[in-house]
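Please read the structure below before turning to the comments.
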Amino acid sequence: YLIDKSDKYDSRDVERLQQDDKWVENYLIWRHDVVDDTLKMIDESFQWRKEYTVNDLSESVLPKWLFESGFIFLHGYDKEGYKLFWFKVKLHVKDHKQQLEKKKLVAFWLEHYAKRDHGKPLTVVFDMAETGISHIDLDFVRFIVNCFTDYYPNFLTKIVIFEMPWIMNAAFKIVKGWLGPDAISMLKFTNKSDVQEYISGEHLPPHMGGTDSFKYSYPPLVDDDFQTPLCENGPITSEDEHESKEEIDADVKETGDPNEEQNLNQKKINSIEQISKSEESDKTEFKPKNAKKALTTFKGPLLHISPAEELYFGSKETGEKKCLIVLTNITKNVVAFKVRTTAPEKYRVKPSNSSCEPGTSLDIIVSLHGGFAASLQDRFLIMAAEMDQSSGSGVPELSQFWKEVPRTKVMEHRLRCHVIESSKPSTLTLKENALNSPAKTNEDLHIQLTNLLQINKRLQEQVDRCLWFQQLSLVLSLSVTVVAFCFYLAYT
């Protein structure tokens, strides 16, 4: 393929294919480990990617009115923690002149999310409330279907169709023909009474029976709405510290001593000493050698970040409430960083706004606060940017730096949460035992899946042979019958 069609591919895609094992694996999974089918899909998707200049699609390339229309956007998560890709069908108007630009908008969003969240699959939601025959655009629907079936491998979890009008039943019979058996099983036809089987109410708008008050607008580009943790320069890291502060206030109110200010200062000093001791114990607790061995690493232009994709928390039963993020500065300058989260009321991040010296590593402790439990929908955003040698690294300097640094110079990396239901410790919850258990589990599942696919393939071959013999027997029987009938006619 490369020899014959190298001019039809973007060299960046070819380079990525040679380096990104996960991308190759997704192609193989989506084509059931059949190598010829996988190569065919790669060939078709690469040609499509070059035709639509997917690697170069950006906000500046596409017309502003496309983003303002709001008929396509990413927002919220389903119950399994997968991002929702919304299609507001009533806002789509069929127009052949705008068709190419709208298709490029779909490609932009898919590529934007694939690069941002390392190809984690999406759940597509067709919101068909208040739609009619005028909104039917089968060519556009077919393009969307092809994106998931032919161009973006293993990128679709399900298609949730909300309140499809009966008049569109005929149209969707055609769409089913394009999907194929695997994708058809992903179709979920829903209405207001059952849509929450797949998406919780907090991520559904009111007209779908939910409580999400989100209203689309542009600019800026719709994102995960990451928020800065409550205390930028030293958030609370444990419940004990919070309780100690409450005790200080309670003691002050009870004493009513004329020297209460002096007493308060003394107690604050004691409290600070306790907090610093707890921080030291946290650091020693979170720096075992085993903690870093099993971590996967994202290799960014400024920082290497471990883990690469997921923070592992325990459920309420397992009680695992802390995780470690390791940042390594690979530049020759000081790198400032910020950590943001979609759920600042749940998590405490220490430090959440600081800097990392050249060539050094820094540990960030992420802990659940109070009685909160981690959720699959929770996300963390790490922002990083290089600082000048003359810049200070204090709180005022960092605050001013983030106000002035151009967005184009900021590295961003996202982490999602993974909740461990079993009582066995995970590699990323900083337990010393069973360090490789998640990797082993994934490897075993992959081997079992491969074996099942091979068995299925052999069974399919046997069925095909049986059908071929059956057809051959039928043809021979018919031939014998016809010859016998001819002899009979000749004889009579």
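The figures follow:
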{"item": "Prolate/oblate/rounded call for the stretch 68-208, Cα gyration tensor, a/c under 1.5 rounded", "result": "rounded"}
{"item": "Most to least accessible of Trp468, Trp30 (protein chains only, probe 1.4 Å)", "result": "Trp468, Trp30"}
{"item": "Label point distance in nm, Ala373-Leu62, each placed 7 Å from Cα along Cα→Cβ", "result": "3.7 nm"}
{"item": "Residue list for the stretch 128-165, given a label point 7 angstrom along the Cα-to-Cβ vector of Lys79 and an amide N cut-off under 15 Å", "result": "158-161"}
{"item": "Area accessible to solvent at Glu309, 1.4 Å probe radius, in Å²", "result": "70 Å²"}
{"item": "R0 of 35 Å, Cβ-Cβ distance Leu91-Asp150: FRET efficiency to nearest 0.05", "result": "0.85"}
{"item": "Rg(Cα)/(2.2 N^0.38 Å) for the stretch 445-492, N = residue count", "result": "2.17"}
{"item": "Gap separating the Cα centres of the stretch 31-49 and the stretch 465-489, nearest whole Å", "result": "41 Å"}
{"item": "Mean projection area, nm², convex hull over Cα of the stretch 298-419", "result": "7.4 nm²"}
{"item": "Percent carbon-and-sulfur accessible area, the stretch 11-54, ignoring ligands, DNA and RNA, probe 1.4 Å", "result": "50 percent"}
{"item": "Efficiency of FRET from Cβ geometry, Arg142 and Leu39, R₀ 22 Å, rounded to 0.05", "result": "0.40"}
{"item": "By accessible area with a 1.4 Å probe, ligands and nucleic acids excluded, highest first: order of Thr297, Thr342", "result": "Thr297, Thr342"}
{"item": "Cα gyration tensor shape of the stretch 11-54, rounded if a/c is under 1.5, else prolate or oblate by comparing a/b with b/c", "result": "oblate"}
{"item": "Within the stretch 67-224: Cβ-based charge dipole about Cα centre, in debye rounded to nearest 20 (Lys, Arg +1; Asp, Glu -1)", "result": "340 debye"}
{"item": "Difference of contour (0.36 nm per residue) and Cα-Cα distance, Leu449 to Met186", "result": "92.8 nm"}
{"item": "Label-point gap, in nm, between Leu472 and Asn55 - each point 7 angstrom along Cα→Cβ", "result": "4.9 nm"}
{"item": "Per-residue SASA entry for Ile167, accessible area with 1.4 Å probe, Å² rounded to 10", "result": "80 Å²"}
{"item": "Mean Cα-pair separation over length for the stretch 57-208, i.e. relative contact order, pairs under 8 Å, 6 or more apart, %", "result": "24 percent"}
{"item": "Listed residue pairs exceeding 18 Å between alpha carbons, taken from Lys79/Lys120; Lys299/Lys332; Lys64/Lys103", "result": "none"}
{"item": "Spin-label pair Glu202/Leu459, simplified geometry with 7 Å Cα→Cβ offset, distance in nm", "result": "4.1 nm"}
{"item": "DSSP beta bridges in the stretch 298-419 [antiparallel fraction, %, rounded to 5]", "result": "90 percent"}
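The values are calculated or read from the model by the stated rules, or taken from the named source; none is laboratory data. As the structure is a computational prediction, the values presented were derived from the model and not from experiment. As a convention, Cβ positions derive from the backbone with ideal geometry for all residues, glycine included, and neighbour counts pool all protein chains shown. Keep in mind that these areas ignore ligands, DNA and RNA; they rest on the heavy atoms of the full protein, side chains included. Shrake-Rupley method; radii C 1.70, N 1.55, O 1.52, S 1.80 Å.
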